[in-house]
Amino acid sequence: MKGWNNIISLITYSKTGLFGFLIIILGFLCSIFAYWIISDKSLNANEQISELALSPMATKALCLQIPLSNEQKPTSIKDRFFGKAASYRYIPIKEWQEEGKNIEYINIRGNSLSIEKAAFGDQANYVTSKFFLFGTDRYGRDLFSRLILGLRVSLFVGLFSVIISLIIGIIVGLAAGYFGGWLDHVLLFIINTLWSIPTILLVFAVVLAFGRGITIIFIAVGLTLWIEVARLVRGQTISIKESSFITAGKLLAFSHTRILFRHILPNIVNPIVVLAAANFAIAILIEAGLSYLGFGVQPPVPSLGNILNENYAYALSGQWFIAIVPALFIMVLVLSFNFVSYSVRDWASSKQID
């Protein structure tokens, strides 16, 4: 019960921290259940309707839906989380009517055309209504659907990168700070050498060495963020390892592993959590920057970075919204994690004072 009280106290400690927590939770829920809330259910939300390219916000369109295959596969559980190959080709129209064996329609350019009913196979509905909440990009893809899937990429790159950095950083920092001696000198030399290299250059080096792709991005960002974690954990370990309860543990012949992970680590969790939240924001920025430059997640897989790259030129041509909205997504995510980081830091400080 005390643990739950501490968690509630932490979350509600400050209004900005609460705002950050809520945005992060909402972001993860939208990421996990993306295909429940987006309109484009195709793989990577890559359904292109060129006639509707650069449509404004809240665009509604009536479309003929023509099956791409005579055999429509049922939607599986996997499809509900990751989408599936496009099943239909869509033709935007103004109006339509049945004429014998044909469907007569007027397309959005005002041309009168017809298509045989046989092209629709056995389906009962020839026409469907499409709604584009944030409009469409230059390829006629639903921008809202692409942004939600891009949000998924950013959050999960951040999550796995932070997990990798914590595992490496905590182990290295504990070993260096606790054992000291030559091990500390060697590890500290490695830490300081890597710390002197700009983070983005380290990420570039890993990406160029092992190739591009979302898995490589996880590893590349994680392998750069561990340095700060190791420096923090080492310093905290050095300051706490001479405490009386650690000395008592040594006298009782506790193993080094037990002392490190059951006595030292729990006492330095708060600063680690603060740094992890800040590193999450940094990971999101790094991934967005890499994708923007073309070194990160590769199209057609959407990420906030490559969506921004595809649309930034429209900021000065009247279509400012599609250029601004991915940048706003990145900004709100980074602010939310920073708010959480500051809130955890202030909450931990207040607990120490109490």
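A few notes on this one:
- Neighbour count of at most 12 Cβ within 10 Å plus DSSP loop: longest trypsin sites (Lys or Arg not before Pro)-free window in the chain: 110-354
- Between the stretch 154-190 and the stretch 217-247, the alpha-carbon centres lie 6 Å apart.
- Cβ-Cβ FRET estimate between Phe28 and Asn192, R0 fixed at 22 Å, reported to 0.05: 0.05
- Per-residue [θ]222 nm for the chain (sum of -39500 (n - 2.57) over DSSP H runs n ≥ 4, rounded to 500): -19500 deg cm²/dmol
- Excluding the site residues themselves, the longest part of the chain lacking any GluC sites (Glu not before Pro) in a DSSP loop with at most 14 other Cβ atoms within 10 Å is 72-241.
- Given the chain, longest segment not containing exposed loop chymotrypsin sites (Phe, Trp or Tyr not before Pro) (DSSP; at most 15 other Cβ within 10 Å): 34-253
- Within the same chain, lysines fewer than 8 places from Lys250 are excluded, and of the rest, those with a Cα less than 20 Å from its Cα are Lys241.
- Full extension of the segment from Ile37 to Ala313, taken as 0.36 nm per residue of separation minus the current Cα-Cα distance, would add 96.5 nm.
- FRET efficiency estimate (nearest 0.05) - Cβ-Cβ, Leu208 to Asp184, R0 35 angstrom: 0.65
- A simple charge model with +1 on the Cβ of Lys and Arg, -1 on the Cβ of Asp and Glu and nothing else charged puts the dipole of the stretch 207-276 at about 140 debye relative to its Cα centre.
- Put a plus charge on the Cβ of each Lys and Arg, a minus charge on the Cβ of each Asp and Glu, and nothing anywhere else: the dipole of the chain about its Cα centre is then about 840 debye.
- Selection from Ile103, Tyr13, Thr136, by position along the positive dipole direction of the stretch 1-142 (Cβ): Tyr13
- Using the Cβ-Cβ distance between Ser244 and Leu328 with R0 set to 41 Å, the FRET efficiency from 1/(1 + (r/R0)^6) comes to roughly 0.20.
- For the stretch 1-138, the antiparallel share of DSSP beta bridges with both residues in that region comes to about 95%.
- Considering only beta bridges that DSSP places wholly inside the chain, some 95 percent are antiparallel.
- Charge-dipole axis of the chain as Lys and Arg at +1 and Asp and Glu at -1 on Cβ define it, positive-most pick from Ser161, Phe254, Ala283: Phe254
- Degrees, to the nearest 10: 320-353 long Cα axis against longest axis of the chain: 20 degrees
- Principal-axis tilt of helix 214-240 within the chain, Cα atoms, nearest 10 degrees: 20 degrees
- Inter-site label distance for Asp122 and Leu293 at 7 Å from Cα along Cβ, in nm: 5.4 nm
- Of the residues Leu113, Val203, Met331, the one whose Cα sits farthest toward the positive end of the charge dipole of the chain, with +1 on the Cβ of Lys and Arg and -1 on the Cβ of Asp and Glu, is Val203.
No value in this document is a laboratory result; all are computed from the given coordinates. Every value quoted in this text rests on a predicted model; they were computed, and no experiment measured them. Cβ atoms come from the backbone with ideal geometry, glycine included; neighbour counts cover every protein chain shown.
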